[in-house]
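Enquirer: One structure, pasted below without further comment.
Coordinate-derived values only; no laboratory data. Only a predicted model underlies this, so the values are computations on that prediction, with no experimental measurement involved. Backbone-built Cβ (ideal geometry, glycine too); neighbour counts: all protein chains shown.
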Amino acid sequence: MTTPVAASARPLRVLTFLHSFEPGGVERVALRLHAAWLAKGVDARLVLGRTDGAMRREWPAFEATVFDSKGVPTAAWETLWMIVRLPGAIRRIRPDALFCAGNSYTVVAVAMKLMLGRRCPPIVAKISNDLYRTDLPAPVRPIYRLWLRIQGRMIDRMVGMAPPMRAELQDLMRVPPERVTIIDDPSLDEADIVRLEAAQATRSPHPGRRFVAVGRLAGQKNFALLLDAFARIKRPGDRLTIVGEGGERKALEARIRQLALGDQVRLTGHVNPVEGELLAADALVLSSDYEGVPAVVPEALAAGLPVVSTDCSVSMGDLLGHGAFGILVSTGDAAALGEAMDRIADHPFDREKARAQARRFTVQIAADAYLAALGDCIEPDSG
């Protein structure tokens, strides 16, 4: 497709704002899209609250506007820091559109609409998490639903990451159909799929079963549930690897000791899972309380791995081919999760069909689709 341009005939100028290079699925996808847009000749701009984060190593050449805090740490209040500083960057950069990378950034997007008014560029927001949030306490849910409707009213275009998200965007955020776009989440590059397929074909046998889980060590991921499930079904020689870093590390380490799993569970910290951990595993396990479309699932399917997951998203059934690529269990049920892990090796699984499913989620497809959505939001006389 032809890259949309403003009336001045210059390339489309898109500004993506992120807190940092700290690892997270939302940030990884945003950086992957940013790289793809640059390669297409888009005037893609990146704004960061700070330069911290392990993912900086994966994109060392990226140029970014970074908000100088004069040595004052901003991680603890990074959303407020972004809200305070982003308006000035928007005035200087004068983007045609803003890309809001996920739910955790929509508060910044709404703040920009309120602070800049008509001077705020149109905003395209990717909805990266489940909107029903049944994990929230009942008294909080009406306030949360009101917040969803505010977002739906103020943000110009909402992007769902899989077809089942369309209904929840329209129902919960009250977004009219013409302002909803569905774009499969770009979890992979086509080159990743080719490399994973080749590497999977050369895997060596290993003793025991190998389970891998990937995500921030945060309450949402409920890795404590996963540890309990693994403790129920582990056999000598079985291993569980949890890839990620976060504030729950100490609590998880204590739980590992309590369950006497020290020699069978490994917390790797942040590493790129497609660089090795997925290739060493027999199955991916998700234990989350809620998710959007977890990027690691297409990565696992590309690596030829079946998936055991909690039913943590309206999209999970579609993502797993309605049972073709794994097993879904209820959220919060350690016994059911463990039982599914115990029998996943016997679950029918077609690696070729799994890789075809993974190819839905490539940046090659998504980059153009996002540019079309961004271009559609721009007034003809902008630029």
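Enquirer: Pick from Pro122, Pro298, Pro87: which residue has the top mean-square fluctuation in a GNM of the chain where Cα pairs under 10 Å get a spring?
Expert: Pro87
Enquirer: Now, a different point. In the Gaussian network model of the chain, springs joining C-alpha atoms below 10 Å, which of Ala373, Ala251, Ala213 carries the largest mean-square fluctuation?
Expert: Of the options given, Ala251 has the highest mean-square fluctuation.
Enquirer: Have a look at Arg255, Arg149, Arg92 and tell me which one the Gaussian network model of the chain (Cα, springs below 10 Å) gives the largest fluctuation.
Expert: Sorting by GNM fluctuation, first place goes to Arg92.
Enquirer: For the chain, rounded, prolate or oblate, judged on the Cα gyration tensor with a ≥ b ≥ c (square roots of eigenvalues), a/c < 1.5 rounded, else prolate if a/b > b/c?
Expert: Since a/c reaches 1.5 and a/b is larger than b/c, the shape of the chain is classed as prolate.
Enquirer: Normalise the Cα radius of gyration of the range 190-360 by 2.2 N^0.38 Å (N = residues in it) and let me know the number.
Expert: That ratio works out to 0.95.
Enquirer: Show the residues, 5+ positions off or on another chain, whose built amide H is closer than 5 Å to the amide H of Cys100.
Expert: Amide H neighbours of Cys100: Val124, Ala125, Lys126.
Enquirer: Calculate how steeply helix 190-201 sits against the longest principal axis of the alpha-carbon atoms of the chain, using the helix alpha-carbon long axis, and give the answer as 0 to 90 degrees to the nearest 10.
Expert: 10
Enquirer: A further question follows. Return the sequence-ordered ³J(HN,Hα) values of the range 98-114 in whole Hz as given by the Karplus equation 6.51 cos²θ - 1.76 cosθ + 1.60 applied to θ = phi - 60°, using x for Gly and Pro.
Expert: 3J(HN,Hα) across the range 98-114, in whole Hz: 10, 9, 9, 7, x, 4, 5, 10, 5, 5, 5, 4, 5, 4, 5, 4, 6.
Enquirer: If you split all Cα-Cα distances of the range 131-252 into 5 Å bins from zero, what percentages do you get per bin, shortest first?
Expert: Calculated P(r), rounded to whole percents: 2, 8, 12, 11, 14, 16, 15, 10, 7, 4, 2.
Enquirer: Suppose only helical runs count, i.e. DSSP H with n ≥ 4. What mean residue ellipticity at 222 nm does that imply for the chain under -39500 (n - 2.57) per run, divided by all residues and rounded to the nearest 500 deg cm²/dmol?
Expert: About -11000 deg cm²/dmol.
Enquirer: Please state, as a whole number in µm²/s, the translational diffusion coefficient that the Stokes-Einstein equation yields for the range 238-309 at 20 °C and 1.002 mPa s, with Rh defined as the Kirkwood radius across alpha carbon pairs. Write out the running numbers ahead of the final one.
Expert: Working: Rh = 13.2 Å.
The estimated diffusion coefficient comes to 162 µm²/s.
Enquirer: What residues have an amide H closer than 5 Å to that of Gly269, excluding those fewer than 5 places away on the same chain, when H is modeled at 1.01 Å from N in the peptide plane?
Expert: Gly244
Enquirer: Taking the 0 to 90 degree range and rounding to the nearest ten, how far is the long axis of helix 334-343 tilted relative to the main principal axis of the chain, both from C-alpha atoms?
Expert: So the helix axis and the longest Cα principal axis differ by about 70 degrees.
Enquirer: Right, something else. Projecting each Cα onto the charge dipole of the chain (Lys/Arg +1, Asp/Glu -1 at the beta carbon, about the Cα centre), which of Gly152, Ala254, Ala39 comes out farthest on the positive side?
Expert: Gly152
Enquirer: Given the chain, what count of lysine pairs have C-alpha atoms under 22 Å apart, with each pair 8 or more places apart or on different chains?
Expert: Qualifying lysine pairs in the chain: 5.
Enquirer: Same structure, new question: Considering amide H positions built from the backbone, and no H for Pro or chain starts, which residues 5 or more places from Leu286, or on another chain, come under 5 Å of its amide H?
Expert: Answer set, sorted by chain and number: Val308, Ser309, Thr310.
Enquirer: Ok, one more. How tilted is helix 25-39 with respect to the longest principal axis of the chain? Cα atoms for both, answer in degrees (0 to 90, nearest 10).
Expert: Its long axis makes an angle of about 50 degrees.
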